[in-house]
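Taking it in order: structure first as structure tokens, then the write-up.
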Amino acid sequence: MTVQEAPARPRWLRELFVPTHWSFLLGPVAVVSFVVLLLTGVVLTFFYQPSTELVEYDGSAALYAGRDLPAAFASVVAIEEDVPGGLLLRRVHRAASYLFVAALLLHALRVLLAGAFRGRRFVNYLVGLVLLALALALGWTGQNLVYDVVTGSSVRIGYTIAGSIPYVGTELADLVFAGPDVDDVVARLFWLHVLLLPVAFMLGLAAHLWLVVRHRHTVLPRRRDTGGRWLVAVPTGVGLRSRAALLTALVCALVVLAATLVPFGDVTHIGPFLPGVAGNDMYPDWYLFPMEGAILLLPAVDVTVLGATITNPLLGGVLLPVLLGGAALLYPLLEGLFRRRSPAEQDLSEHPFHAPVRVAFVTLLVTVTVLLSLGAASDVLAQVIGAPVATVIRVLRGSLVVAPPVLAVLAFWYARRRSRQQPA
Amino acid sequence: MTGVRPGSAGDRLRRPVPVGVGAVAAALLVAFVAGVFLGWPTAALGLALTGALLAVAVVVGQLRGPVAQELVWPDERHPGDAPVATAAAAAVATPVRRRWVLGGLGGLGIGALAGVGLLAWSGRDGGPVTAWRRGVHLVTAEGQRIRATDVPVGGFGTVWPEGSVRADLSAVVLVRLATQEAEPPTVLDWVVGDRIVAYSKICTHAGCPVGLYQEDTDSLFCPCHQATFDAARGAVPTFGPASRPLPQLPLGVDDDGFLVATDGFATPIGPVRG
Ligand code: HEM
Ligand code: FES
């Protein structure tokens, strides 16, 4: 064992110390998948056409031969069918987007559970929340570029949700979506997806990483036989480049393998979005399920107060996400008020069991999110269980009221018991 | 520290370079690139690239120095002691920084207010406009006018205003009720032959096209979030998240028996706006 003092404030990456725990890889995995998204996205941009104008399809897909398709959809079909390696390229872009969002979500969960948001790191926690929101926006704008049946409806729903905001909603929606006819919307979303949002994300990421280096990682404590504790970490300086290269190669291999085996987002069998046409199995990408489920599960509401009309899309599509995001944003401040720790203590990566209230809060957040996501798939659930959709929806509504608090209390008791058995 | 640091360039030089795996990586990469130009199937391309990346991973794994050693240092503090990292903490908590933060927040607030003001000031229109007017014929997607007597039970999925086929927001569902005659709150003057009704196809919940007509219950059903509307009773919502009925299109028959709109929609179509 090398006993050595870590530098109080690293000047650069090589002086950074990282705890030896797998969960600290989630952030880097997200960064690597972002790079994959950038590279594949740039190539896709050469072949994609951001227009909803109807064009006669003359590519090699027999299914669409001679049909009028929206230009965007036609170009995606062309990428799949007529661009060499195009199908793999699309699938890699989509698979990387799933890994990207998943890694970000888990990374945020780790930060929450370990209390890595405390003290001066709170600023970077906020930056992280912004990055998460940008990632979801990137995913949503990206999947809508395809302009198939699913994304046509998805654009409508997005327009409605934005438009449901009192007083300014309609103007806001028209601004973002280029008007209510959603004709020009793909061109609008295209610039958001390939330019504005990626640049915003890169700037945010740069700030995020700079702050990580500046504040240092939280450090894992380890109990000493003689009482007290050791602090344990590895310096990134040793073998940093080779470890980064290894992680990059492995993540890329994983994404490409997944894209080879799973037909992520293949468009050949889903129809284009044409006005008036509805599909039956229409689901957005999985990370949008909570929002989709929220506007599905919440009941119909229609009350006007002070000239503002409160509707289901406002409650489920705006208020609930704002509440969830706001809870994640405010929790660290509340914890800071009631659970004071010295700055040195805040530099430790805490085991979640030692903060039972935090465990309860995270349980609440996760349960609500999971139940809302199930709501988005209630028709599938109904089929699987063999019950009417209406029943599934009622059960989920009930669970949404009962399950989160109950599970949160259970999690609190469990964490407290564990923490007493094994003090820090 | 003296000598070669573990994992440093000097250390790495002494390790055998895994030439074999490196060659495999290069070969697979070349195969992938060639495959793209030769138009190989997706599975072959994907496997070649996966293999190349895995081989690269092996090479990197071989080349890299020993796993970085854990550094362990005592945590000498007791509760209440002066913290270790005070320097960094103090640097962050200076008033200058706080001023920046407050200034930033203030700026954001002013910006947001200005934005809201601008948006609200830019004025609002009266909701989405459709192509339905008095005397506009209903036509199929192929542009054919529709004789009232030709409407089958269950009706036509989607019909359009003549001259504006596929004008998104003007889509209408045309239904011949299966189980009963239309009754209030359906506007009976706008019903043809007691059973033929037309409603806007844009769901009042969030704007999806209302897709399904169920004959056994005469209900219209939106696949997006399961909103259900009673087609025999003015398309009032009977289940799900929609709060308002689908607007009814005033329907009539011209002298030749073709279906025609006797007016535009009386209420705004589509979702309620905030
Ligand atoms: C960083 C996060 C990003 C995420 C989460 C993301 C996500 C997505 C998703 C889910 C799709 C639909 C995939 C499909 O069905 O093919 C998509 C499509 C697309 N993306 Fe991205 N993307 C990202 C970055 C980028 C960047 C940086 C660019 C370009 C510079 C880009 C360009 C495109 C294009 C052109 C399409 C449409 C082509 C197609 O659908 O095949 N993306 N993106
Ligand atoms: S859009 Fe029809 S139910 Fe939501």
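Can you bin the stretch B:138-261 into rounded, prolate or oblate? Criterion: square roots of the alpha carbon gyration tensor eigenvalues sorted a ≥ b ≥ c, rounded for a/c under 1.5, prolate for a/b above b/c, oblate for the rest.
oblate
Search the structure for amide H atoms under 5 Å from the amide H of A:Val55, placed 1.01 Å from N in the peptide plane, and list their residues when 5 or more places away or on another chain.
A:Leu69, A:Ala71
In nanometres, what is the gap between the two model label sites at A:Leu337 and A:Leu261, each 7 Å from Cα along Cα-to-Cβ?
4.9 nm
Let me know the mean shielding of A:114-124 by other chains, meaning the per-residue number of their Cβ atoms within 10 Å of its Cβ.
Per residue, the number of nearby Cβ atoms from other chains is 2 on average.
Expressed as a whole percentage, what fraction of the accessible surface of chain A belongs to carbon and sulfur atoms when a 1.4 Å probe is rolled over the protein heavy atoms?
Its accessible area is 71 percent carbon and sulfur atoms.
Can you figure out the FRET efficiency of B:Leu188 with A:Leu38, using R₀ = 60 Å and their beta-carbon distance, to the nearest 0.05?
Using R0 = 60 Å, I get an efficiency of 0.50.
How high is the FRET efficiency between A:Phe47 and A:Val199 when r is their beta carbon distance and R₀ equals 25 Å, given to the nearest 0.05?
Calculated transfer efficiency: 0.70.
Between A:Gln422 and A:Arg394, what FRET efficiency follows from the Cβ-Cβ distance if R0 is 60 Å, with the result rounded to 0.05?
My answer for the efficiency is 0.90.
Using 0.36 nm times the number of residues separating A:Leu209 and A:Val402, minus their current alpha carbon distance, what extension gain do you get?
Computed gain between A:Leu209 and A:Val402 is 65.5 nm.
Rounded if a/c is under 1.5, else prolate if a/b is larger than b/c, else oblate: which is the stretch A:40-82, with a ≥ b ≥ c the root eigenvalues of its Cα gyration tensor?
oblate
Which values, in whole Å and largest first, are the semi-axes of the equivalent ellipsoid of the stretch A:351-424 obtained as the square root of 5 times each eigenvalue of the Cα gyration tensor?
For the stretch A:351-424, the semi-axes come out at 33, 10, 9 Å.
With n ≥ 4 as the cut-off for DSSP H runs, can you work out [θ] at 222 nm for chain A, using -39500 (n - 2.57) per run divided by the number of residues, rounded to the nearest 500?
-20000 deg cm²/dmol
Taking beta carbons within 10 Å but only from partner chains, what does the mean come to for residues A:160-167?
So the per-residue partner count for this stretch is 5.
Taking every residue in A:309-315, how many Cβ atoms of other protein chains lie within 10 Å of its Cβ, on average?
6
Over chain A, what is the relative contact order in percent, taking alpha-carbon pairs closer than 8 angstrom and at least six residues apart?
Taking the mean separation of contacting Cα pairs over the length of chain A, I get 22 percent.
Give the long-range amide H neighbours of B:Leu249: residues separated by 5 or more places, or on another chain, with amide H under 5 Å away, using H modelled in the peptide plane at 1.01 Å from N.
B:Ala198, B:Tyr199, B:Ser200
Please determine, in degrees from 0 to 90 and to the nearest 10, the orientation of helix A:356-376 with respect to the longest principal axis defined by the Cα atoms of chain A, where the helix direction is its Cα long axis.
Roughly 10 degrees between the two axes.
How many percent of DSSP beta bridges within chain A run antiparallel, rounded to 5?
That works out to approximately 95 percent antiparallel.
Going 7 Å from the Cα of B:Val153 along its beta-carbon direction, which residues of the stretch B:180-220 have the amide nitrogen within less than 19 Å of the resulting point?
Those under the cut-off are B:180-183, B:192-198, B:212-220.
The values are calculated or read from the model by the stated rules, or taken from the named source; none is laboratory data. None of the values given here were measured: they were computed from a predicted structure. Glycine also receives a Cβ, built like all others from the backbone with ideal geometry; neighbour counts cover every protein chain displayed. Ligands, DNA and RNA are excluded from the accessible area calculation, which covers all protein heavy atoms including side chains. Shrake-Rupley method; radii C 1.70, N 1.55, O 1.52, S 1.80 Å.
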